[in-house]
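I have placed the structure first, in the form of structure tokens, so that the comments after it can refer back to it.
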Amino acid sequence: MKFHRVLAIPVLVAAVAGLTLTATACSSNSSDANTVRIGTTETDPQWDVFKDKAKAQGINIDIVHYSDYSQPNQALAQKQIDVNLFQHLQFLGQFNVANNQDLTPIGATQITPLGLYSKKHKTLADIPQGGEIAVPNDPTNQARALFVLQAAGLLKLADSNPQPTPADIDKGTSKVKVTPVDAAQTALSLASVDGSVVNNTYLERSGIDPNSALYKDDPNSPGAAPYINAFVTRAADKNNPTYLKLVDIWHDPDVEKAVAENSKGTAVEVTKSGPELEQILQRVQQTIRDTK
């Protein structure tokens, strides 16, 4: 998410409990008391800067890379890792509610706009009536994608469902139709559809310039709070001083510079504390429960 990134995934969250996790960790010794295992779906350059900054403060970082967004939360719940950083609060809330977990955000990193991209059209006006738009098929990013398309004037949602699905689209008043696909396929679908709503993770992997979006949501709007990306750990570890120090290190100017360069200036730094994020998460989770 850069899900951090809002945030930003494939496979329904409710189904992750039965998955066999696949991951590749770097070679540091995770049995060392000063080593923190961080799960992520990202391979961005800022991780190298972050690891160097942490090492200078006596913390060894063991990055554990996962192949898709369904895995790092389950790994954290199963104590295979200590912390994860890959998701926004909406995605975390969906996981917690679906899996009866209490994974907890301990500090914010940034929020990244979610955008609509096209290889066939240069402007929103060029998208034809009945055009096809690919959107991520996981619940949290799919809902956000539908809100993006509504704000762009391409579709209308029939009611005020805070977690809309394609079933909530008012087809009679909408310009486009949507096709849910695995989040990893949204960028790959650009050759065959009129547009795709693509998470930041897959922009980088596909070489898409985030500034080429035809439309993006506003990361500074009040409604963007659920899409803040955060360091997350188990509730019992939320006051761990080493984990909290990682949040401060992420906001080191050199790390933030690397984030800005990698996101081409689209990532917006957020410095909310763990307790502030917990309040947002509680509201998110209550909304999810209320709509079940």
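Here are some notes:
- Residue in region 6-20 that is out of contact with any Asp or Glu (no Cβ under 6 Å at 6 or more places or on another chain) and modelled with pLDDT of 50 or more present: no
- Criterion: in contact with a helix residue (DSSP H, G or I) (Cβ under 8 Å, 6 or more places away or on another chain), over 14 Å from Val176 (Cα atoms) and modelled with pLDDT of 95 or more - qualifying residue of Ala134, Ala158, Ala152, Ala108: Ala108
- Subset tally (residues that are over 18 Å from the mean Cα position of the chain (by Cα) and in a loop (DSSP other than H, G, I, E, B)) for region 252-292: 3
- So Asn239, is it in a loop (DSSP other than H, G, I, E, B) and open to solvent by 70 Å² or more (accessible area, probe 1.4 Å): yes
- Output for region 192-236, where each listed residue is assigned to a helix (DSSP H, G or I) and among the aromatic types (Phe, Trp, Tyr): Tyr202, Tyr227
- Index of the failed condition, Ser221 passing every other in (1) of a type in the set (Gly, Ala, Ser); (2) at pLDDT below 95; (3) open to solvent by 50 Å² or more (accessible area, probe 1.4 Å): (3)
- On the stretch given as region 65-81, residues that are in a loop (DSSP other than H, G, I, E, B), open to solvent by less than 20 Å² (accessible area, probe 1.4 Å) and under 17 Å from Asn229 (Cα atoms) total 3.
- Top-ranked residue in region 163-187 [being assigned to a loop (DSSP other than H, G, I, E, B) and in contact with a Pro (Cβ under 9 Å, 6 or more places away or on another chain); ranked as modelled with the lowest pLDDT]: Gln163
- Filtered residue count, region 160-180, keeping only those that are more than 21 Å from Ala224 (Cβ to Cβ) and open to solvent by 30 Å² or more (accessible area, probe 1.4 Å): 10
- Evaluation of Asp48 against (1) in a helix (DSSP H, G or I); (2) at pLDDT below 95 (one fails), failing number: (2)
The values are calculated or read from the model by the stated rules, or taken from the named source; none is laboratory data. This one's a predicted model, so the numbers in the text were calculated from it and none came from an experiment. Positions of Cβ are generated from backbone atoms using ideal geometry, with glycine treated the same way; all protein chains shown enter the neighbour counts. Note: areas computed on protein heavy atoms with side chains; ligands, DNA, RNA excluded. Shrake-Rupley method; radii C 1.70, N 1.55, O 1.52, S 1.80 Å.
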